[in-house]
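Contents: one structure, followed by commentary.
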Amino acid sequence: MSERAVTRMSTEEFLDWGLHQEPRHQLVDGVAVTLVGTRQQHDQIVANTHGILYNLIRGKAMRGKKWRYFTVDLGVRIPAGNIRCPDAGVDRGVFDSDAMTAGAPYLVLEVLSPSVRDFDMFGKLEEYKTIRSRCAPGVPLVTLFGRSLALCTAGGTARGHPAARSRRYDRSWEPV
């Protein structure tokens, strides 16, 4: 049996080739890796998350800010050279209609699936932590594992949602 040759590419070559190939891909260690399809349960959670992000960003608290939510179709550049495609996120960067990656990702969300749970919780999380944060000093960085969607605030819990928990971290990232 012959092995298929692996074609390596730079971040720019990958972006020229396109994040929007069908099926979709992300760049991992210089290799374009096909994203696996999702089940309806995963897709429903992601769709609900997009709705919540849309309403938050368009709401009174965020009015006038230049924040945008994004979907899995927009990549996130990892400083080591990978390009990941999280399920959802919030970008605070300058809007560029031709960009295929978030300019300044502020929030990155991954919905965990059984097949990739461990890698998303640990491997991808480590990669996402290398992105230079635009958070103000003292703002908590949160990793929330749970079966319900909960929005964490600097005060600790989201109003009306007792399952939401937030902790301050000094570069230690244990699950809440």
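The values are calculated or read from the model by the stated rules, or taken from the named source; none is laboratory data. Not measured: the values here are computed from a predicted model. For neighbour counting, all protein chains shown are included, and Cβ atoms are generated from backbone atoms with ideal geometry for every residue, glycine included.
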Exception for MET121 within (1) touching an Asp or Glu at 6+ places or on another chain (Cβ under 9 Å); (2) at pLDDT 90 or above; (3) in a helix (DSSP H, G or I) falls at (2)
For THR130, the lone unmet condition from (1) in a loop (DSSP other than H, G, I, E, B); (2) touching a residue at least 24 places away in the same chain (Cβ under 8 Å); (3) within 18 Å of LEU53 (Cβ to Cβ) is (3)
Report task. State yes or no: is ARG77 in contact (Cβ under 8 Å) with a residue 60 or more places away in the chain and out of contact with any Lys or Arg (no Cβ under 7 Å at 6 or more places or on another chain)? Result -> yes
Answer yes or no as to whether GLN21 is in a loop (DSSP other than H, G, I, E, B) and exposed (fewer than 14 other Cβ atoms within 10 Å of the Cβ). yes
In segment 69-81, residues that are surrounded by 18 or more Cβ atoms within 10 Å (Cβ to Cβ), outside any loop (DSSP other than H, G, I, E, B) and out of contact with any Phe, Trp or Tyr (no Cβ under 7 Å at 6 or more places or on another chain) total 4
Listed by first then second residue, the pairs whose first member lies in segment 90-103 and is closer than 16 Å to PRO79 by Cα and among the hydroxyl-bearing types (Ser, Thr, Tyr), whose partner is at pLDDT 90 or above and part of a strand (DSSP E or B), with beta carbons under 6 Å and at least 6 positions apart or on separate chains, are THR101/GLY75; THR101/ARG77
Picking from VAL108, VAL142, the residue that is under 23 Å from ASN48 (Cα atoms), of a type in the set (Val, Ile, Thr), in contact with a Phe, Trp or Tyr (Cβ under 9 Å, 6 or more places away or on another chain) and at pLDDT 80 or above would be VAL108
